[in-house]
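Accompanying notes for the structure given below.
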Amino acid sequence: MSQIPVNSDTIFSVSSLTSFLREILEATFPAVTLEGEISNYRPNASGHLYFTLKDEGAQISAVMFRGRAAGLTFVPKDGMKVRCKGSISVYAPRGNYQIIITSMEIAGEGNILQILEQRKKKLAAEGLFSSEHKKRLPFFPQTVGIVTSPTGAALRDILQITRRRNKCVSVVILPALVQGDGAAETIARQIQTANDFELCDVMIVGRGGGSLEDLLPFSEECVVRAIAASDIPVVSAVGHEIDWALSDYAADVRAPTPSAAAELVVPIQSEIVQGIEACKTEIYDAMKAKVERLRLMVKSFDPYHLEVRFRTIEQPLLARFDNAKDALLENMRRKAEDTKQHINQCVQVLESASPKTILARGYAMVRDGETKRIIRSPKDTAAGRTLEIIPAEGAIRATVV
């Protein structure tokens, strides 16, 4: 660090004085841990984060460059209390000192987040967040129940959107504390009341934005269990889009904001009317076409059309019958011819093997005159025996000499 002149007669330029002060601060506070509340949060398109850290008595400018900001595990927002580590520097063009942050974490919320995570695991293990238990929102609810603060901005937003989208939908307000002591119990009690008396067709449970502590009632076990046990479909709308509570996991639908919840549960009346008109036109056209088809069908049942239809059915059948008859007769004729030819062949074979045919060729059969045994060899007879010689016609008796 350069030597700073202390002579009261020394005249500084603004740049030189700022340079001296910068050297002093950077040398004195090379690493510092600072705790404060975020204010005027301005994320830059390049990825750098600019904001102010303040407490009850003072404030300091802060910057976190893109490389460091990419490692954050949460999204900073105004009102969030954080603990930062970094170094003090002076931004010469504006002549103000600032902290250049290297790391940042939520201050005072660490224990709360840990408790909520443990509670979330416990309730999830009991099945309170299971998707199997989620109910569908009614398409056209007649009555919407709202469990929230009667004086909060969330209620005003929901009522305004409901009136704008559909004036036919009724609203039942179930007033409840949304932060502080006893808030969770009143929220759970109002949810139970809506179910006991069947006050509405769908229910919005939520509030506007706030700190983590402000949103804690919607993460209490009694509220989560009341939402999970509700027979009425529940839309959880707690805080802004980046805010989460355990009620979001137990509800049938989670809305990023109360306004978005109203848009989810309240259909636009004009769109419903247009849809009904479109359905009416479609049904009318379908019925008209059906009647026309029936008229044509009835017309086809007069005597002339019936005869034409009968002939149309009959002619192919008659043609098939004639074809079948001709084919049958032809098959029978061929079968008879084949059988006749086969019989002739058999007769020829039998006639060629007949003894009469053989005798007709000049042969004769010789047999013993008494025993009628066929004589095939001279040894089969003896001198003096009577023989019977049978030629093709007649018979000759002879005696063996």
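Placing unit charges on C-beta atoms (Lys and Arg positive, Asp and Glu negative, everything else neutral), compute the dipole magnitude of the chain about its Cα centre in debye, rounded to 20. Could you put the intermediate results ahead of the total?
Values: 49 positive and 48 negative charges, 599 e Å.
It works out to roughly 2880 debye.
Taking the Cα centre as origin and putting +1 on Lys and Arg beta-carbons and -1 on Asp and Glu beta-carbons, what dipole magnitude results for the stretch 241-320, to the nearest 20 debye? Roughly 1040 debye for the stretch 241-320.
Accessible area per residue for the stretch 255-401, computed on protein heavy atoms with a 1.4 Å probe, is 81 Å².
Summing +1 for each Lys or Arg and -1 for each Asp or Glu, what net charge is found among the other residues whose Cβ lies under 13 Å from the Cβ of S16? My count for the surroundings of S16 gives 0. Normalised by the number of residues in the chain, the average gap of Cα pairs under 8 Å and 6 or more apart makes the relative contact order 9 percent. Please give the helix 153-165 orientation as an angle from the longest Cα principal axis of the chain, in degrees from 0 to 90, rounded to the nearest 10. Here the helix axis deviates by roughly 50 degrees.
GNM remark for the chain: springs join alpha carbons under 10 Å apart, and the peak mean-square fluctuation among T18, T162, T186 falls on T18. The residues of the stretch 1-132 present an accessible area of 65 Å² per residue when probed at 1.4 Å with all protein chains retained.
What's the FRET efficiency of V75 with A289 using the Cβ-Cβ distance as r and R₀ = 51 Å, to the nearest 0.05?
On the way: r = 57 Å, r/R0 = 1.12.
That gives a FRET efficiency of 0.35.
Residue by residue, the stretch 15-21 carries 3J(HN,Hα) couplings of 5, 5, 5, 4, 5, 4, 4 Hz when phi is fed to the Karplus relation 6.51 cos²θ - 1.76 cosθ + 1.60 (θ = phi - 60°); x denotes Gly or Pro. If you take every residue apart from A260 with its C-beta less than 11 Å away from the C-beta of A260, what net charge results, scoring Lys and Arg +1 and Asp and Glu -1? Net charge around A260: -2. Split the accessible area of the chain by element, probe 1.4 Å, and carbon with sulfur accounts for 57%.
Normalised by the residues of the stretch 195-317, what does the relative contact order come to in percent, with Cα pairs under 8 Å and at least six apart? If you can, show how the numbers build up before the last one.
Details: 124 pairs, mean separation 24.3, N = 123.
Normalised by residue count, the contact order of the stretch 195-317 is 20 percent.
Peptides 24-37, 319-332, 143-156 ranked from most to least packed, by the mean per-residue count of other Cβ atoms within 10 Å: 143-156, 24-37, 319-332. Rounded to the nearest Hz, the phi-derived 3J(HN,Hα) couplings of the stretch 348-360 under the Karplus curve 6.51 cos²θ - 1.76 cosθ + 1.60 (θ = phi - 60°) are 4, 5, 5, 5, 5, 9, 6, x, 4, 5, 5, 5, 5, where x marks glycine and proline. The lysines whose alpha-carbon is closer than 29 Å to the alpha-carbon of K356, local same-chain residues fewer than 8 away aside, are K340, K372, K379.
Residues of the stretch 90-109 with an amide N closer than 18 Å to a point placed 7 Å from the Cα of N44 along the Cα-to-Cβ direction: 90-104. Count Lys and Arg as plus one, Asp and Glu as minus one, and take only other residues whose Cβ is under 11 Å from that of P233; the net charge is then 0. Checking the Cα-Cα distances for K77/K135; K77/K122; K81/K121 against a 31 Å cut-off, the pairs over it are K77/K135.
So what is the relative contact order of the stretch 18-103, in percent, for Cα pairs below 8 Å that sit 6 or more residues apart?
Working: 166 pairs, mean separation 29.8, N = 86.
Value for the stretch 18-103: 35 percent.
So how strong a dipole does the stretch 269-401 carry about its Cα centre when Lys and Arg Cβ are +1 and Asp and Glu Cβ are -1, to the nearest 20 debye? For the stretch 269-401, the charge dipole is close to 880 debye. When Cα Rg over 2.2 N^0.38 Å is calculated for this entry, the matching label among (1) 2.62; (2) 1.22; (3) 0.95 is (1).
Helices in the chain, meaning DSSP H runs of at least 4 residues, each add -39500 (n - 2.57). Divided by all residues, the mean residue ellipticity at 222 nm is -14000 deg cm²/dmol.
Computed extension gain for Q192 through Q345, at 0.36 nm per residue and net of the alpha carbon distance, reaches 44.5 nm.
When the Cα positions of I268, M297, Y50 are compared along the charge dipole of the chain, M297 comes out farthest toward the positive end, with charges on each C-beta of Lys, Arg, Asp and Glu.
The values are calculated or read from the model by the stated rules, or taken from the named source; none is laboratory data. In this text the structure is predicted, and so the values were computed from the model without any measurement. Cβ coordinates were reconstructed from backbone atoms using ideal geometry, including for glycine residues, and neighbour counts include every protein chain displayed. Accessible surface is based on the protein model in full, side chains and every heavy atom, while ligands, DNA and RNA are left aside. Shrake-Rupley method; radii C 1.70, N 1.55, O 1.52, S 1.80 Å.
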